[in-house]
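The values are calculated or read from the model by the stated rules, or taken from the named source; none is laboratory data. The model shown is predicted, which means the values in this text are computed figures rather than measured ones. Please note: Cβ atoms are built from the backbone with ideal geometry, for glycine as well, and neighbour counts cover all protein chains shown.
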Amino acid sequence: NIIKGIVEQTGKKLVILIDEYDKPILDALYTEYEEQNRQELRSFYSPLKDSDKYIRFLFITGITKVSHVNIFSGLNQLDDISMYEDYSDLCGISQDELEHYFEPEINALAEKQKVSVEMAKEKLAKMYDGYHFTYEVEGVYNPFSLLKCFKQRRFDSYWFDTATPTMLIKTLEKKSSDLLRYTKPIIIQESAFKNYDPESENVLPVLYQSGYLTIKDYDNDSELYTLGIPNREVEKGLFEIIIPKFTTITTDELGLSIENFRQSFIHADIEKLMNLLKAALADIPTILKKNQCENYYETVTHVIFRQTGFSVVSEFQSIAGRSDIVVTTKDSLFIFELKMDKGRAFEEVAAEALEQIDAGGYADRFAVSGKQMYKVGVVFSSDGKGMCGWKVK
């Protein structure tokens, strides 16, 4: 009635703008009201389908494309521009825009942080750049975080500090084990992350569409996408949520504990490092099944190490195979091979892990780095009882 009345009184067609159409669904995510809210939205948006002749332009935004809301299935003329190259820089700040419009702010930030302008630009890119709305396009900066950084002249994780990531926490509590695999790059088809299906167990669309993951690469032959965490700001915030959920490190202890890990790497104190890790992974959480413990131990180890700020790569490819985790500091390089005991003595399994590092040639590509190299075989309990032991070479 509103649509028809306005058109009849003005003689002009309508432009309709709808922001955050999906908020009632996300607010009720995994609750008894989720389906009820979807039904309400169906009723609310259904008149649009029969009002096409009155509408000149309709623009809808939202975080998540929900497949079961007929706003998408009913309005046949809607054009989903989420992954159009022409609009790929619409919601962010490009590198050219950053350098053209924000030169005074960059200079002031560099002066405040006592670093060069080039170093400030590198840190800005590492912290806030990297969002891709499709493949083979320039990444864009998070405008909110970028402007907050310029205002406070300090690098920080502003996105997580200003708003509680409610949707992520709900997803974590509901489908916690699934989140672990997404802390590392994942190769997948577009259909697996484009639409969110409330009845599916797949949390990937929620993580991608809310910005915790972004497009890193695309292979034309296989038509497969590589998704990963966009930047350091998101990684830091994401890991600070995940770690207390999956380890015995509490939120209050997180900063201090991670600093202990960092100092252990700096001083190459393997004994202290592994004892810290053993304490953090004392027992596999009851929310996980025992057959998930191998992925749990490897992923949480990777997440904890990444929090130190050092270069951490999982499944580093070499000619003869993949090393589980490689950590690089200024002076040292650590190659970790992680194995499950499967009822065997940890000394035997740890020795096999060290042999695998040598046989696989994992260390060969780093031989010319000039860094002190450490090879560590780590053994975990297949029964979810934490770390059994380790050996260093």
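Quick notes on this one:
- Per-region count, the range 117-141, residues within 19 Å of Y212 (Cα to Cα), aliphatic (A, V, I, L, M) and assigned to a helix (DSSP H, G or I): 3
- Hits in the range 6-56 - residues which are at positive phi and of a type in the set (D, E): E20
- Applying the criterion of being among the basic types (K, R), surrounded by 13 or more Cβ atoms within 10 Å (Cβ to Cβ) and out of contact with any Phe, Trp or Tyr (no Cβ under 8 Å at 6 or more places or on another chain) to the residues of the range 319-370, the residue that is modelled with the lowest pLDDT is R365.
- Hits in the range 74-107 (condition: modelled with pLDDT under 95, in a helix (DSSP H, G or I) and either touching a His at 6+ places or on another chain (Cβ under 7 Å) or more than 29 Å from Y218 (Cα to Cα) (or both)): G74
- So I266, is it hydrophobic (A, V, I, L, M, F, W, C) and modelled with pLDDT under 80: no
- Residue within the range 37-44 that is of a type outside the set (S, T, N, Q), exposed (fewer than 14 other Cβ atoms within 10 Å of the Cβ) and closer than 18 Å to N195 by Cβ present: no
- Positions within the range 361-383 being in contact with a Lys or Arg (Cβ under 8 Å, 6 or more places away or on another chain) and either outside the structural domain of D331 (by TED's automatic domain parsing) or in a strand (DSSP E or B) (or both), in sequence order: Y374, K375, V376, G377, V378, V379, F380
- Against the numbered list (1) under 22 Å from K278 (Cα atoms); (2) in contact (Cβ under 8 Å) with a residue 12 or more places away in the chain; (3) not charged (D, E, K, R), A363 comes up short only at (1).
- Verdict on A120 being of a type in the set (A, V, I, L, M, F, W, C) and in contact with an Asp or Glu (Cβ under 6 Å, 6 or more places away or on another chain): no
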